[in-house]
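Peer 1: Here's a structure for you.
The values are calculated or read from the model by the stated rules, or taken from the named source; none is laboratory data. None of the values given here were measured: they were computed from a predicted structure. Heads up, the Cβs are rebuilt from the backbone with ideal geometry, glycines too, and the neighbour counts pull from every protein chain shown.
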Amino acid sequence: MTNQYDCIIVGTGPAGIFAAWELCQNSDLRILMIEKGRDIAERHCQMAATGKGCLHCQPCAIVSGWGGAGAFSDGKLTLTTDFGGWLGEYTGVTKLGELIDYIDQVYLQFGAPAEVHGLDKERVNQIKRRAAAAELLLIPAVVRHLGTDRAQGILARMRQALNDKGVEVRTLTAVRSLLVDDKRVVGVELANGEHLAARYVVCVPGREGSEWFAKEAQRLGLRARSNPVDIGVRVEVPAAVLSHLTDVVYESKLIYYSPTFDDLVRTFCMNPQGQVVMENNAGLLTVNGHSYAAKKTDNTNFALLVSKSFTEPFREPISYGKYIASLANMLGGTVLVQRLGDLLDGRRSTPERIARGLVRPTLPEATPGDLSLVLPYRFLKSLLEMLEAFDRIAPGVYSRHTLLYGVEAKFYSSRIV
């Protein structure tokens with residue numbers, strides 16, 4: 001192997017970017033970042049440009065590329081230790097809080113706005129009390145909203161700063177496997193067969209690389225713990241229905257345990273006056289949402305997800321989630337949208353029924369259909385019970401005009417133990 005680096009970083013999402021940022025401070029390390037997607041300036045979804053449905057570009061510009069899938073997300077920094085992963089199990093809560101504050105300062109350095117949401121404790125506590133009465137747990141957090149448009153500018157400036165510090169970046173380059181010698185990772189093999197050597201390899205492939213990471217861990221005989229898979233829908237309502245919440249906390253992180261199955265159901269990625277968008281995960285079409293700092297719509301959307309952890313002997317949560325999402329693609333050729341009223345009445349939505357609704361869909365490419373043919377009964381029942389509970393603190397959420405897009409699924413890399 002002729003190409004020798006001090007460190008190779010696989011993936012250029014936030015974890016990869018900050019790994020490179022820390023390594024190049026006050027050092028002359030030779031660092032290479034490898035990304036299978038495009039550079040930030042080249043990430044454009046052709047669906048929006050052509051006005052047609054998903055063109056199945058590979059790799060998908062929405063989920064792959066510099067900045068990770070988050071480059072086209074809502075651009076929210078949730079400044080709390082109460083949710084967002086398991087890092088606190090390794091660092092402790094105090095250290096995690098310090099790291100979050102430090103990362104926030106770096107984002108501010110690169111142009112994040114000074115304004116934050118969720119500081120009015122009295123109003124937040126009022127919402128918490130109402131939520132508790134509806135058997136919902138509100139987890140408050142201070143949120144710094146970048147916006148999809150502003151986030152991309154920040155990521156571009158981070159890219160330039162790392163370039164100025166000598167960090168090499170290869171885009172449109174996929175890693176096939178990790179190279180191991182005497183139980184030590186010594187480099188990577190690219191999809192074109194090229195071998196690159198490194199003293200250290202940092203693997204942070206993100207959600208888009210979660211399946212690859214799990215397979216590599218299995219191939220190398222590493223002990224790994226399967227993470228839960230989150231499956232559900234993207235909910236779209238008039239922005240006025242949730243404005244009394246989003247004006248205070250912006251991101252209403254609500255936790256609920258469904259009465260029938262005692263499953264954990266949660267809200268995720270709430271986008272006030274935002275848009276529902278489509279993602280292409282290696283040919284599998286799923287939904288997501290984002291909102292711009294400047295361009296607003298009349299709707300607010302959020303994900304409603306059922307978290308499911310599987311027990312032995314099942315070890316394929318990602319494949320399970322992808323199979324469910326594929327059913328929606330099979331039925332509609334793309335993602336599905338359905339009015340809540342049609343779902344409760346046991347009928348599919350049609351273009352005519354969608355047109356008669358009070359909520360204008362912000363993803364017109366979605367096919368009107370029947371989500372009951374896609375989601376397993378357990379998931380569907382839990383989602384409906386959560387919507388009913390949510391309606392108690394936000395009347396109108398459980399309206400027959402509410403739009404449900406499916407499937408939304410979140411896949412997580414295995415945790416090496």
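Peer 1: Would you mind finding the one in 358, 344 that is in contact with a His (Cβ under 6 Å, 6 or more places away or on another chain) and surrounded by fewer than 20 Cβ atoms within 10 Å (Cβ to Cβ)?
Peer 2: 358
Peer 1: Would you confirm whether any residue within segment 200-217 is without any contact (Cβ under 8 Å) to a residue 60 or more places away in the chain, of a type in the set (A, V, I, L, M) and surrounded by fewer than 22 Cβ atoms within 10 Å (Cβ to Cβ)?
Peer 2: No: zero hits.
Peer 1: While we're on this one: What pairs can you find where one residue is in segment 275-286 and in contact (Cβ under 8 Å) with a residue 24 or more places away in the chain and in a strand (DSSP E or B), the other is surrounded by fewer than 21 Cβ atoms within 10 Å (Cβ to Cβ) and of a type in the set (Asp, Glu), and their Cβ atoms are less than 7 Å apart, with a gap of 6+ or different chains?
Peer 2: 278/365
Peer 1: At pLDDT below 95 and either of a type in the set (Val, Ile, Thr) or in contact with a strand residue (DSSP E or B) (Cβ under 8 Å, 6 or more places away or on another chain) (or both): is that true of residue 12 in this structure?
Peer 2: no
Peer 1: Then there's this: If we scan segment 83-90, do we find a residue that is surrounded by fewer than 16 Cβ atoms within 10 Å (Cβ to Cβ), at pLDDT below 95, part of a helix (DSSP H, G or I) and not assigned by TED's automatic domain parsing to the domain that holds residue 393?
Peer 2: Yes.
Peer 1: I'd like the residue in segment 114-151 that is in a loop (DSSP other than H, G, I, E, B) and free of Cβ contacts under 8 Å to residues at least 60 places away in the same chain and, out of all such residues, is surrounded by the most Cβ atoms within 10 Å (Cβ to Cβ).
Peer 2: Checking each candidate, the answer is 116.
Peer 1: Test residue 324 against the stated conditions and say whether it is of a type outside the set (Gly, Ala, Ser), in the same structural domain as residue 375 (by TED's automatic domain parsing), crowded, with 21+ Cβ neighbours inside 10 Å and not in a strand (DSSP E or B).
Peer 2: When the stated conditions are applied, residue 324 does not pass them.
Peer 1: For the structure I just gave you, tell me whether residue 77 is in contact (Cβ under 8 Å) with a residue 24 or more places away in the chain, under 20 Å from the mean Cα position of the chain (by Cα) and part of a strand (DSSP E or B).
Peer 2: So residue 77 fits the description; yes.
Peer 1: Quick check on segment 405-416. Is at least one of its residues surrounded by fewer than 21 Cβ atoms within 10 Å (Cβ to Cβ), of a type in the set (A, V, I, L, M) and either part of a strand (DSSP E or B) or within 21 Å of the chain's Cα centre (by Cα) (or both)?
Peer 2: yes
Peer 1: The conditions are (1) touching a residue at least 40 places away in the same chain (Cβ under 8 Å); (2) over 18 Å from the mean Cα position of the chain (by Cα); (3) assigned to a helix (DSSP H, G or I), and residue 98 fails exactly one of them. Which is it?
Peer 2: For residue 98, the failing item is (1).
Peer 1: Filter segment 178-189 down to the residues that are buried (at least 16 other Cβ atoms within 10 Å of the Cβ) and under 21 Å from residue 64 (Cα atoms) and list them by number.
Peer 2: Once the filter is applied, which keeps residues that are buried (at least 16 other Cβ atoms within 10 Å of the Cβ) and under 21 Å from residue 64 (Cα atoms), segment 178-189 yields 178, 188.
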